[in-house]
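Engineer: Got a structure here, written out as structure tokens. Questions coming.
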Amino acid sequence: MKTKQTSVLDNGLIWFGAAVSIAEIVTGTLFAPLGFAKGLAAIVLGHIIGCALLFFSGLIGGKTRKSAMETVQISFGAKGSLFFAILNIIQLVGWTAIMIYDGALAANGAWNIGSWAWAILIGVLILVWISIGIKNLGKVNTVSMLALTILTVVLSVVIFRGGVAQVSPSDALSFGAAVELSVAMPLSWLPLISDYTREAEKPLKATAASVLVYGLVSMWMYVIGMGAAIFTGSSDIADIMVKAGLGVAALLIIVLSTVTTTFLDAYSAGVSSQVLSPRINGKWVALGATVLGTVGAILFPMDDITDFLYLIGSVFAPMIAIQIADFYILKRDSSHHPFDVANLAIWLVGFVAYRLLMQVDILVGNTLPDMVITILLCYTVHFVARKRA
């Protein structure tokens with residue numbers, strides 16, 4: 001699945017498409033209990049934390065020219081990284097199913113022909129996107145993103161033109177929990193951003209553009225969801241768009257945004273699979289992930305993904321914390337060894353710490369404290385080891 005080098009614009013368009021998503025809008029509706037001002041503060045703070053981590057993660061891939069799961073070998077060893085590759089493939093298939101489910105449900109709200117039918121249609125379009133391939137998506141992405149921008153601006157106007165809150169603030173969601181939900185979306189992209197920055201002509205600029213575009217547009221999606229819940233009193237985005245008379249435009253937003261986001265999940269499942277064995281055809285795995293995700297979206301209810309988001313955070317936050325410590329601070333490389341036992345043990349401590357921190361309401365969420373703990377532990381362990389050596 002190697003492609004030609006991508007421009008800064010190509011990377012920006014890819015991550016614009018990643019951010020425009022029904023799942024992000026739906027997550028934004030959860031912020032309504034905070035009220036608009038407090039909810040906006042939680043969204044911005046969470047995205048600053050999450051996107052900073054996304055940048056450092058993507059830059060590792062850009063500088064080393066390695067895929068996301070290949071960069072994991074630097075910290076955990078050639079065999080140790082397989083554990084994370086398998087977990088990543090599983091979560092990417094899960095994301096594929098969730099995105100298709102949300103898209104199909106919303107599309108069916110706009111035109112009721114059955115959620116299963118919309119799931120199949122979206123799945124087929126994602127297969128088409130994968131078949132076209134990253135290197136040929138330039139013009140398609142440009143047209144798609146232009147259409148999505150126009151349609152999303154229209155949606156924003158529809159939601160915010162009244163300006164009168166229909167929902168009063170409550171204690172249903174704490175500020176710290178809201179920050180963590182805001183961190184969760186950029187964090188979910190950590191295990192795959194390098195799959196795209198590794199091919200960039202200008203790694204630093206492409207990574208910065210990718211993260212900046214994703215962060216700003218993702219915050220926009222969250223705000224649309226929160227605004228919908230606060231100013232219209234409804235969390236059903238499809239219903240809001242239909243009542244506003246958007247009609248076909250509503251369907252275009254829903255279907256196109258689902259395809260451009262979910263394509264990245266399925267594609268990266270294929271890239272990650274190649275770490276398991278060079279004989280694996282990544283493109284076929286990506287197509288298979290799409291089929292599995294489509295079937296999952298048809299068969300299983302996926303209305304509440306909060307626990308899924310927290311699980312991703314607990315697995316991948318300590319992983320990238322160790323990678324940041326190794327690559328940027330310690331300058332270590334364990335890719336020529338089968339396992340880095342010390343880092344695997346540190347990751348386990350970071351995983352447990354995250355789960356424990358979930359029980360505490362921290363103003364900045366769980367991810368940042370967990371990563372600070374993990375980075376400090378990683379630095380201390382390897383610093384002491386070097387002194388003894």
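No value in this document is a laboratory result; all are computed from the given coordinates. Keep in mind that this is a model prediction, so the values were computed, not measured. Glycine gets a Cβ as well: all are built from the backbone with ideal geometry, and neighbour counts include every protein chain shown.
Engineer: Could you give the Stokes-Einstein D for segment 245-389 in µm² per second, using the C-alpha Kirkwood radius, 10 °C, 1.306 mPa s?
Structural biologist: Value of D from the Cα-based Kirkwood radius: 86 µm²/s.
Engineer: Mean residue ellipticity at 222 nm from the helices of the chain, using -39,500 (n - 2.57) per DSSP H segment of n ≥ 4 over the full residue count, to the nearest 500 deg cm²/dmol?
Structural biologist: The per-residue figure over the chain is -25000 deg cm²/dmol.
Engineer: Starting with the highest mean, order 347-359, 115-127 by the number of other Cβ atoms within 10 Å, averaged over the residues of each peptide.
Structural biologist: Ranking the peptides 347-359, 115-127 by packing returns 115-127, 347-359.
Engineer: While we're on this one: Within the chain, which complete DSSP H helices have Cα atoms spanning at least 15 Å along the helix axis and a mean Kyte-Doolittle hydropathy of 1.0 or higher?
Structural biologist: Length and hydropathy pass: 8-19, 36-64, 80-110, 115-132, 138-160, 175-188, 203-227, 248-276, 282-299, 306-324, 341-357.
Engineer: Post the alpha-carbon centroid distance, segment 310-389 to segment 179-241, in whole angstrom.
Structural biologist: The two parts, judged by their Cα centres, are 25 Å apart.
Engineer: Quick query: amide H of THR6 versus all other amide H atoms, modeled in the peptide plane; which residues come in under 5 Å with a sequence gap of 5 or more or a different chain?
Structural biologist: Result for THR6 returns ALA200, GLU201.
Engineer: Per the Debye formula with a single identical scatterer at each Cα and no solvent contribution, what log10 I(q)/I(0) holds for segment 8-304 at q = 0.12, 0.13, 0.16 Å⁻¹?
Structural biologist: Debye curve over Cα of segment 8-304, log10 I(q)/I(0) at q = 0.12, 0.13, 0.16 Å⁻¹: -0.74, -0.87, -1.31.
Engineer: Magnitude of the Cβ-charge dipole of the chain, K/R +1 and D/E -1, about the Cα centre, nearest 20 debye?
Structural biologist: Charge dipole, the chain, about its Cα centre: 1380 debye, nearest 20.
Engineer: Now a separate question. For the chain, build the charge dipole from Cβ charges (+1 Lys, Arg; -1 Asp, Glu) around the Cα centre, then report which of ALA297, ALA206, SER335 sits farthest towards its positive end.
Structural biologist: Looking along the dipole axis, the top candidate is SER335.
Engineer: Right, something else. Of THR64, ILE122, LEU190, whose Cα points farthest to the positive end of the dipole of segment 8-304 (charges on the beta-carbon: +1 Lys, Arg; -1 Asp, Glu; origin at the Cα centre)?
Structural biologist: Result: THR64, furthest along the dipole toward the positive end.
Engineer: Between beta-carbons, use under 15 Å as the cut-off and find the net charge around GLY296, counting Lys and Arg +1, Asp and Glu -1.
Structural biologist: That sum, taken over residues with Cβ under 15 Å, equals -3.
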